[in-house]
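Remarks on the structure that follows.
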Amino acid sequence: AQSVAQPEDQVNVAEGNPLTVKCTYSVSGNPYLFWYVQYPNRGLQFLLKYITGDNLVKGSYGFEAEFNKSQTSFHLKKPSALVSDSALYFCAVAGNTDKLIFGTGTRLQVFP
Amino acid sequence: EAGVAQSPRYKIIEKRQSVAFWCNPISGHATLYWYQQILGQGPKLLIQFQNNGVVDDSQLPKDRFSAERLKGVDSTLKIQPAKLEDSAVYLCASSSDWRRSYEQYFGPGTRLTVT
């Protein structure tokens, strides 16, 4: 069965500092991995995806994620955090179908 | 292009009442999904349509939830009767050709509160 773990409920970072939001996954076969962001009272917005190819994936708003097959991880990163990045971040995995399995989310708080 | 539209945005009902949510996907998207997002959890797929046919409804509580997509465009999700544990945000998403784009586009959601 597919599953996603986001071990941190909340990540706090100062503006300008690098940020990392962690995600590990379990899936049969090749994983398709995704990051979505959710702002208050809004739906999920797509950030980036890993399907195949380079392990470092670049996405929207300066975010990137690194696929690590041996560690079954897909951590979200950004070199310099902005206060406006404060939101709820979800990691998701899909296997052989288009059924997305989401993690429980990590709240990112960026302090000025 | 216009995004996924959902209505209403908010709904408060008492337990045992019925409620319906509406979704209009992005034009031309054949696949439509309904997710339930309970506070503190990630979205969980309830039902998936391909055009007007059901692909996956394994997580839909069929004793009280129903959904339809009669003409392969708009969709309605209904709960009857509602329970307290149905309080959640109901998200609609759509996708064109998954094997080409690997992207699902989400609407703003409907926040349901059952009292």
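The values are calculated or read from the model by the stated rules, or taken from the named source; none is laboratory data. All values reported here derive from a predicted model rather than from experimental measurement. Virtual Cβ from ideal backbone geometry, glycine too; neighbours counted across all protein chains shown. For the accessible areas, the whole protein counts, side chains as well, though only heavy atoms, and no ligand, DNA or RNA atoms are used. Shrake-Rupley method; radii C 1.70, N 1.55, O 1.52, S 1.80 Å.
Per 10 Å bin from zero, what fraction in whole % of the C-alpha pairs of the stretch A:3-111 is there, up to the bin with the longest pair?
16, 51, 29, 5
Inside 10 Å of the C-beta atoms of B:86-96, what's the mean count of C-beta atoms belonging to other chains?
Per residue, the average neighbour count from other chains is 1.
Give, as ranges by residue number, the residues of the stretch A:18-61 whose backbone N falls under 12 Å from the point 7 Å along Cα→Cβ of B:Arg99.
none
Could you sort the peptides A:31-38, A:4-11 by per-residue average Cβ neighbour count (10 Å cutoff), highest mean leading?
A:31-38, A:4-11
So how strong a dipole does chain A carry about its Cα centre when Lys and Arg Cβ are +1 and Asp and Glu Cβ are -1, to the nearest 20 debye?
140
Which is farthest toward the positive dipole end of chain B among B:Ser18, B:Ser58, B:Pro8, measuring Cα position about the Cα centre, with Cβ charges +1 (Lys, Arg) and -1 (Asp, Glu)?
B:Ser18
Would you work out which of A:Tyr36, B:Ala93, A:Ser80 lies farthest towards the positive end of the dipole of the protein assembly as shown? Charges go on Cβ: Lys and Arg +1, Asp and Glu -1.
The Cα lying farthest towards the positive end belongs to B:Ala93.
Could you work out [θ]222 nm for chain B from helices alone, using -39500 (n - 2.57) per DSSP H run of at least four and dividing by all its residues? Round to the nearest 500 deg cm²/dmol.
Rounded to the nearest 500, it is -500 deg cm²/dmol.
Report the local net charge at A:Gly29: Lys and Arg +1, Asp and Glu -1, summed over other residues whose C-beta lies under 15 Å from its C-beta.
Charge balance in the 15 Å sphere: +2.
Estimate for me the total accessible surface buried between chains B and A (protein heavy atoms, probe 1.4 Å, no ligands or nucleic acids), in Å² to the nearest 100.
Between B and A, the summed buried area is about 1800 Å².
Quantify how strongly other chains surround peptide A:95-108 by giving the mean number of their Cβ atoms within 10 Å of each of its Cβ atoms.
The per-residue average across the peptide is 4.
Roughly how big is the protein assembly as shown's charge dipole about its Cα centre, with Cβ charges of +1 (Lys, Arg) and -1 (Asp, Glu), in debye to the nearest 20?
It works out to roughly 380 debye.
With r defined as the distance between the Cβ atoms of B:Gln17 and A:Tyr39 and R0 fixed at 22 Å, what FRET efficiency is calculated, to the nearest 0.05?
Calculated transfer efficiency: 0.15.
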